[in-house]
Structures are given as structure tokens and as C-alpha cells.
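Okay, structure first, notes after.
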Amino acid sequence: MGNIVANKNGVLYLLLHLLLLCFLVVGEFDLSGLNYTKFIRQASRLRLERIQKHLEKINKPPLITIQSPDGDIIDCVHKRKQPALDHPLLKNHKIQKVPPEMPKRLIQEEVRNSMSNEATIKGTPRQWQWQMWHSNGTRCPKGTVPIRRSSVHDVLRAKSLFHFGKKQRGFINPARRRADAPDIVSGNGHEHAIAYTGTTQEFYGARATINVWDPSIEEVNEFSLSQIWILSGSFDGSDLNSIEAGWQVSPELYGDNRPRLFTYWTTDSYEATGCYNLLCAGFVQTNSRIAIGASISPVSQYTANQYDITILIWKDPKLGNWWMGLGDNTLIGYWPAELFTHLADRATMVEWGGEVVNSRANGQHTSTQMGSGHFPEDGFGKSSYFRNLEVVDADNSLSSVRGISTLAENTNCYNIRSSYNKEWGTFFYYGGPGNNPRCP
């Protein structure tokens, strides 16, 4: 059960960290069959000092701290002290108090709570209830936001301090892609199964309901995610802007195999700007009940109950910030317009789908799963899905997407199949097991 932990005295807090460091540099541990030892490198005193300084920057002093039963520590930080406001472009930024203008169809339609006529789909009546840190009913006080605390363990698992909390840049091989396919989808071992819009349109947001699973991960430095991408800029250059949100399993980033709600952003093709969640300055959180980066529970089971979450990202026509909403119109926070170049105006492409990292650690394709780990032809209850794909237009109206294209680099490893019906609108099944006889 979660419990509230009193704020630590600064000296005691530092001493505890130093004790932890002693274990880190000599210790070895194993989690769910994944050996973390080689990723907890021998750390010099100078490196540890740099890590500690970085953690002090992103782990803001909390009003209260909540211990989650899944091992997370959630700090309730005053909203004006959150990491976002450390960004130099947000030096004079005032947190948006006026509610954003919701897309028009959202105002008119009945509240959607991720339910459907399929008897085995389970919705999430209140989005915060599926985050484990709420298990004993503890909440962050009004005026604060919940932030998952980062640890020295988390940083040492990353390739370097610079790479902590960042995606690697990747491009698809031009010889293998279709002429109209997105460029920024492959490379550095990243593989995808995605649906995408054309590049000649203007978009101001997107929404989808995403099936949640807990795919297995072969190597610590690999991940599996399912998300929405909002894109604009040059795919061939270094100025691509991207806003992303969904769920992911990433042992390197979080230290476990649980699916977690995540966000991401970049303005330079994943080179230096942006990060996951609140691991750098940028995303402004406004919700006090949902922690970005916290685990999602329960998850879908094979031929049993299915669980999904609905994610909406859209540009507020009032102030121009890109907002994120969950499920029944729950606002999470926003990416300020000041962060972006191309996305300061609009998006030119939207993508939905899955992504994995294939490190080929043993000289063969990874067995890291995408989605449920089953191919799309297996269908409902077995294969993972995205349903009710929608986009927001210049009039701030939501509409179902028609005529999407799909792409998977290696269909013997991961694949995607799209369709349309009255209930699910435009939807697709996607994913796969990775390594198998046809995917060596």
C-alpha cells in the first residue's frame, strides 16, 4: 500500500543517495530475467557528481511524497516549481489557466470512456484509477502536480547522462520505403508498424483509443511502445518537430517491465532537444491526479479482458499550445507553442502505431514483442489494436480518418492491417513476436 513519506532533510537525503551509490557501483541485480549488470557501469566520482547534480535539477522539492506499491516514488511538486519552467524559452511563461478550447465534436458527443459493444473490452471510468500510486487513495494536494522521481539507477542504465530520457534518431532506408512513406521511422535498430496520413494536408491534432498490453522485452536497452506522433518539419534534415504520447515498456528508462503512460517531444529530429515525460524542461503538467511515466494497470490478457486508453493531442486555437487529454476529456497538460518551430503553426503528418528497438544482441532479430506479441491477423483478444482514429482540422473539429496508409519494415517480424467499421471507425491491428522462424 502506498504511504506518504515526510520530506527529507537535505543532508540526510544526500547521505542516502551516497549510500545508494555504493551499492550501484559494485552491485548486480536481475529483474524478470533481464540482467542489468552491464548497464550499471563502474561510475567515477566525477560522473556520480554530475548525475547527482542533474537529478537535483529534475527532482524538484516535493510538498509530499507518495510511495507506490510498484516501487515508484511520486513527488507532489508545486505546479510553478515543475521542471518545464526551467526551459530558457519559457522563462516568462505563465501556466495556462484558461481551459483550452476542446475540439468541436468532443463538445457535442457523449463522453467517451473507452467502452464498446464488445463485452470483453473494459473501460477506465476514471483515468487516474489505473495508476498504481493511487492504490490507498492518496492524492497530490491541489496546486501540485505528481512527478515520478528519477534515481541514480535510472541514469546509470542509460548510455550516458546526455542520452538519459531521450530517443535516438532514426531514418528509414530510402531503398525499402514507398515514395509517400514517412522518412522518420527507422534506423538505429528501431522497427515500426504504423498507420499514417499524407504529407500534403494540415493537421491540428489527433486522437485514438489504444489497446494496452505488457509485451516482453529481450534486452534491457530495448523497448516496445504504442503511440501517436504529431509531426512537422523536414524529414531529411535536423529540424523535424514531433509531439508523441502513448504507452511503453522500457526496462532501461523505468527499471521494470510494466507498461507506462508516456509523452515525448523534439524540435531537432531527436538530436538534442526534448525528452520523455518530465525528464527535462518543456511539457507543462496541469493535472494533479495522473503521473506521466507511472505504470498502467490492469492490462489486456490473451483471449480475456481487453483494456484500452484514449489519447487526444490537439492545438488550442486560443493560445496555440498543444494539449494532451485522456479518456473522458481529462486534461493532462500541454507543450507550450514557444518550444516549437514548425509545430508552432500546425502539423503536416500524423502517425499511429507501434515501435520497438531491435539491438540484435545475439546476432539475430530480437524477440522483443510489439503490441500483444501476436500478428494482426489473429484479431480481437489476441492482437493489439488502435481504434477510432481521428484528426483535428483547422476549424478545431474532430473527424474520422479515411484513406490512411500503413507501413511495416519487416512484415515477418511485425505487421499491421487496417480496416473500417461503423463502431470502431478507422482502426487497425498491429504487432508481432519479433524473432521467429520467418524473422531470424
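Worth pointing out:
- The range 295-440 - percent of accessible surface contributed by carbon and sulfur, probe 1.4 Å: 45 percent
- Solvent-accessible area per residue for the range 129-169 (1.4 angstrom probe, square angstrom): 38 Å²
- Dipole magnitude for the range 298-440: computed about the Cα centre from +1 point charges on Lys and Arg Cβ and -1 point charges on Asp and Glu Cβ, it is near 360 debye.
- Solvent-accessible surface (1.4 angstrom probe) belonging to LEU89, in square angstrom, nearest 10: 100 Å²
- Placing a pseudo-label 7 Å from each Cα along the Cα-to-Cβ vector at LYS53 and THR303 gives an inter-label distance of 5.8 nm.
- For the range 239-323, the solvent-accessible area of protein heavy atoms averages 22 Å² per residue (probe radius 1.4 Å; ligands and nucleic acids excluded).
- Selection among ALA344, PHE386, SER397 by position relative to the dipole of the range 309-434 gives PHE386 as farthest towards the positive end (Cβ unit charges, Cα centre).
- Listed pairs LYS97/LYS167; LYS79/LYS166; LYS97/LYS315; LYS53/LYS159; LYS104/LYS142 exceeding 21 Å between Cα atoms: LYS97/LYS167; LYS79/LYS166; LYS104/LYS142
- Accessible area, probe 1.4 Å, largest first, for residues CYS280, CYS76: CYS280, CYS76
- Accessible solvent surface per residue of the range 361-440, calculated while the other protein chains remain in place, 1.4 angstrom probe, Å²: 40 Å²
The values are calculated or read from the model by the stated rules, or taken from the named source; none is laboratory data. Keep in mind that what you see is a predicted model, and the values were worked out from it rather than measured. With ideal geometry, Cβ positions are generated from the backbone for all residues, glycine too; neighbour counts draw on all protein chains shown. With ligands, DNA and RNA removed, areas are computed over all heavy atoms of the protein, side chains included. Shrake-Rupley method; radii C 1.70, N 1.55, O 1.52, S 1.80 Å.
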